[in-house]
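Data block below; observations after.
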Amino acid sequence: SGTFGLAIGYSACFTSAINWGVELRANWDDLKTTLDSVTTLNSGSVPLSVHTSVRLTQQYAAIAKLGLLFNQCSQIYAFIGPQWG
């Protein structure tokens with residue numbers, strides 16, 4: 001499988017200690033997972049075979065960032081926002 005992504009964003013400072021930003025992300029993937037299982041509901045009954053497959057090809061996100069600047073080289077921040085695929 002492979003993955004390719006693109007992100008674009010903007011950030012600025014509210015004050016000398018607080019930073020904010022927004023970011024848009026798009027990822028294109030070739031991710032696939034499969035689950036095969038056989039279940040017997042009660043003893044002596046016919047087994048039930050289940051095949052489940054999930055494939056994810058695209059993911060998108062719109063993210064807000066709020067951060068705290070400790071000095072010119074250090075920042076702690078949180079990403080908040082939805083991501084869907």
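The values are calculated or read from the model by the stated rules, or taken from the named source; none is laboratory data. All of these numbers come straight from a predicted model, not from anything done at the bench. Here Cβ is always computed from backbone atoms with ideal geometry, including for glycine, and neighbour counts include all displayed protein chains. Accessible surface areas use protein heavy atoms only, side chains included; no ligands, DNA or RNA. Shrake-Rupley method; radii C 1.70, N 1.55, O 1.52, S 1.80 Å.
Give me the percent of Cα-Cα pairs in the chain that sit more than 23 Å apart, rounded to a whole number.
Working: 1884 of 3570 pairs.
When every Cα pair of the chain is considered, 53 percent fall beyond 23 Å.
How far apart, in nm, are two points set 7 Å out from the Cα along the Cα-to-Cβ line at Leu31 and at Arg55?
1.6 nm
Express the relative contact order of the chain as a whole percentage, based on alpha carbon pairs under 8 Å and six or more residues apart in sequence.
28 percent
With the full set of protein chains in place, find how many percent of the accessible area of the chain is carbon and sulfur; take the probe as 1.4 Å.
Within the chain, the accessible surface is 61 percent carbon and sulfur.
Fully extended, how many nm does the chain gain between Phe4 and Trp84 (0.36 nm per residue separation, minus their Cα-Cα distance)? Could you put the intermediate results ahead of the total?
Values: separation 80, 0.36 × 80 = 28.80 nm, distance 1.58 nm.
Result for the pair: 27.2 nm of gain on full extension.
Would you check the accessible area of Phe70, probe 1.4 Å, heavy atoms only, in square angstrom rounded to 10?
Near enough 130 Å² of accessible area.
Tell me, what is the per residue accessible area of the stretch 1-84 in Å², probe radius 1.4 Å?
That works out to 79 Å² per residue.
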